[in-house]
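Before any comments, here is the structure.
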Amino acid sequence: MSAELQASRQDATLILTISNPGARNALHPDMYAAAIETLSTAERDDTVRAVVITGADKVFCSGGNLNRLLENRSKPPAVQAESIDNLHGWIEAIRDCPKPVIAAVEDIAAGAGFSLALACDMIVAGASAKFVMSYVKVGLTPDGGALWFLTRALPRQLAAEILLEGKPVSAARLHELGVVNRVVPDGTVLDSALAWAEDLAALSPNAMERIKSLTNEAQANSLAQHFESEKRHFVESLHQRDALEGITAFLEKRKPQYK
């Protein structure tokens, strides 16, 4: 079987499964274009309310395929540069997706697999799952936005430890540091992520999209710029149909039904 990104649905949740049998779900360039296209389609599909990214056979992703990287040394540098551009396109598609994206991590998230998990809005991990930025072990530097994400999620010294040592970090430690949202028993990760996605799917899609946008902007904007953006989104949301349903449902003491 070849490396592929499998797409399926469970109710309002789109499930993207990294599958590369025999290679611990190592990434392949063919996956990148498929992921970007699938997320773009989901963005326009109102029936999709949440996305879960997982790995086949209870393994999340072991990162890049070292044999393929070794082969690329004999090719023009532009070949590897294009592959990284496409990986970064997937990362950007996750960040820009207006729907909440949850990583369901079992066993290992290594290298670019760790980057993929960090790009997601939330991470659910198995109790024995390990996360590792192992680039330094093979004389490489991180890609997939790993360094950008870690230096914003952690104090500089802790990010440096993870990036410079290249040693596995437990799900429990990352949970304590606030990088992993939930740690659940091994074998229950996907079910837990899907249950969380179902809860999120019941909330306002308009508010969800705007909150994600504000969160992304907040990392670059000044407080004054953020105030202006908050004001615009609030006023626009108030005059959108989700606010009418949400406020009315609250006052009527019932669950809102967002469409």
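The values are calculated or read from the model by the stated rules, or taken from the named source; none is laboratory data. It should be emphasised that the depicted structure is a prediction, and the values quoted were computed from it without experimental measurement. No Cβ is skipped: glycine too gets one built from the backbone with ideal geometry, and neighbour counts run over all protein chains shown.
Overview of values
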{"read-out": "Selected residue [touching a residue at least 12 places away in the same chain (Cβ under 8 Å) and either in contact with a Pro (Cβ under 6 Å, 6 or more places away or on another chain) or exposed (fewer than 15 other Cβ atoms within 10 Å of the Cβ) (or both)] from Thr54, Thr38, Thr17, Thr47", "value": "Thr47"}
{"read-out": "Every residue from the stretch 179-204 that is part of a loop (DSSP other than H, G, I, E, B) and over 15 Å from the mean Cα position of the chain (by Cα)", "value": "Pro185, Asp186, Gly187, Thr188, Ala202, Leu203, Ser204"}
{"read-out": "Exclusive hit being in a helix (DSSP H, G or I) and either outside the structural domain of Leu16 (by TED's automatic domain parsing) or farther than 30 Å from Ile84 by Cβ (or both), set Lys259, Lys212, Lys253", "value": "Lys212"}
{"read-out": "Any chance Gly63 is in contact with a strand residue (DSSP E or B) (Cβ under 8 Å, 6 or more places away or on another chain), not aromatic (Phe, Trp, Tyr) and not in a helix (DSSP H, G or I)", "value": "yes"}
{"read-out": "Number of the exception - Ile247 against (1) in the same structural domain as Val105 (by TED's automatic domain parsing); (2) farther than 25 Å from Pro142 by Cα; (3) free of Cβ contacts under 8 Å to residues at least 12 places away in the same chain", "value": "(1)"}
{"read-out": "Filter result (farther than 18 Å from Ala26 by Cα and under 11 Å from the mean Cα position of the chain (by Cα)) within the stretch 75-98", "value": "Glu92, Ala93, Ile94, Arg95, Asp96, Cys97"}
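To keep it simple, each residue is scored yes or no on (1) outside the structural domain of Arg210 (by TED's automatic domain parsing); (2) assigned to a loop (DSSP other than H, G, I, E, B); (3) modelled with pLDDT of 95 or more; (4) closer than 19 Å to Ala112 by Cβ.
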site	(1), (2), (3), (4)
Arg9	yes, no, yes, no
Leu14	yes, no, yes, no
Pro21	yes, yes, no, yes
Glu43	yes, no, no, no
Val48	yes, yes, yes, no
Asn67	yes, no, no, yes
